[in-house]
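**Student:** First the structure, then my questions, so here it is.
Read-outs throughout are calculated quantities, based only on the coordinates presented, and are distinct from any laboratory measurement. Values in this document were obtained by computation on a predicted structure and should not be read as measured data. When we count neighbours, we look across all protein chains shown, and the Cβ atoms used for this are built from the backbone with ideal geometry, even at glycine.
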Amino acid sequence: MSEREIALDNEILRGVVGSTSHGTAIEGQDDRDEMGVFVEPPECVCGLTPCDHYIYRDQPEGVRSEPGDLDLTMYSLRRFCQLAAQGNPSVILLLWLPSHITKTRVGAELVAMREAFISKESGKRFLGYLVAQKKKLKGERTQTVNRPELVAKYGYDTKFAMHALRLGFEGIELMTHRRLTLPVAEPNLTTLRAVRSGRIDLAEALRLIDGAKEKLQALLEACTWGSGYRRH
């Protein structure tokens, strides 16, 4: 059985993530990012051929996705829970979507225990991703910004900057309220869209990112709770 068959035949949860889920997508400019979770069959757990993820892209590996292209990442339940427990910002997003493409009974049970994955480590991971993206945006690390058309038009990669700021906003909400709101709530959503569309220059975008970083750092320093599921 192929990795594709294993993932798709045992799927329990799948949703649209990326800019669309955050509410920052621009029509005609974004690809379609989907993420899912599948339960590995016994032979993958106990045998010699594990299958902890499956990736599908409309474009070949190394080729940038075009608007409308599908990028699908599927994780085994064990791998997903491991990444979610580590606070991976991209992964825990799936648990806070307002709706899903696929949600079986087991998938619904996974969503119902989403607070179990929230901890101080989650906030640290959001902060770490924010700091790394800011350094790349400023050229202080290996340049990975790959949208030359945005740099040519606005002087910087506005989508990259928007995601750095978005990590700050979401990290703050996670550490303050133990939840994520998707799409991003106002007034933060308007600010993110302004950065994405180039209506905010690089200096102001960096100032906003620094402000979110400092607030998130302060919340982490004051945080006294760890992880654990709380039912409300």
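**Student:** Run the helix sum for the chain: -39,500 (n - 2.57) per DSSP H stretch of 4+ residues, divided by residue count, reported at 222 nm to the nearest 500 deg cm²/dmol.
**Tutor:** Dividing the helical sum by the residues of the chain leaves -14500 deg cm²/dmol.
**Student:** Between Ala194 and Ala152, what is the label-point separation in nm under the 7 Å Cα-to-beta-carbon projection?
**Tutor:** If labels sit at Ala152 and Ala194, their model points lie 2.8 nm apart.
**Student:** If I take R0 = 22 Å and measure r between the Cβ atoms of Cys223 and Glu140 in this structure, what FRET efficiency does the formula 1/(1 + (r/R0)^6) give, to the nearest 0.05? Numbers along the way, then the final one.
**Tutor:** Working: r = 27 Å, r/R0 = 1.24.
It comes out at approximately 0.20.
**Student:** How far apart, in nm, are two points set 7 Å out from the Cα along the Cα-to-Cβ line at Ser90 and at Glu61?
**Tutor:** 1.5
**Student:** Does the range 12-51 classify as rounded, prolate or oblate by the C-alpha gyration tensor (a ≥ b ≥ c root eigenvalues; a/c under 1.5 gives rounded; else a/b over b/c gives prolate, otherwise oblate)? It would help to have the intermediate numbers written out before the result.
**Tutor:** Numbers: a/c = 5.87, a/b = 3.58, b/c = 1.64.
It comes out prolate by the Cα gyration axes.
**Student:** Can you give the extra length, in nm with one decimal, that the chain gains between Glu121 and Glu214 once fully stretched, where that is 0.36 nm per residue apart less the Cα-Cα distance?
**Tutor:** 31.8 nm
**Student:** For Ala132 and Asp52 in one chain, what is 0.36 nm times their gap in residues minus the Cα-Cα distance, to one decimal in nm? All intermediate terms of the calculation are to be shown ahead of the outcome.
**Tutor:** On the way: separation 80, 0.36 × 80 = 28.80 nm, distance 2.63 nm.
Gain on stretching Ala132 to Asp52: 26.2 nm.
**Student:** Mind scanning Lys153/Lys215; Lys136/Lys215; Lys153/Lys213; Lys159/Lys213; Lys138/Lys215 and naming the pairs with a C-alpha gap bigger than 29 Å?
**Tutor:** Too far apart for the 29 Å limit: Lys153/Lys215.
**Student:** Go ahead and collect, in residue order, the members of the range 57-90 whose backbone nitrogen is under 12 Å from a label point 7 Å along the Cα-Cβ direction of Thr102.
**Tutor:** 73-77
**Student:** Within the chain, what's the longest stretch lacking GluC sites (Glu not before Pro) that sit in DSSP loops with no more than 16 other Cβ atoms inside 10 Å?
**Tutor:** 141-232
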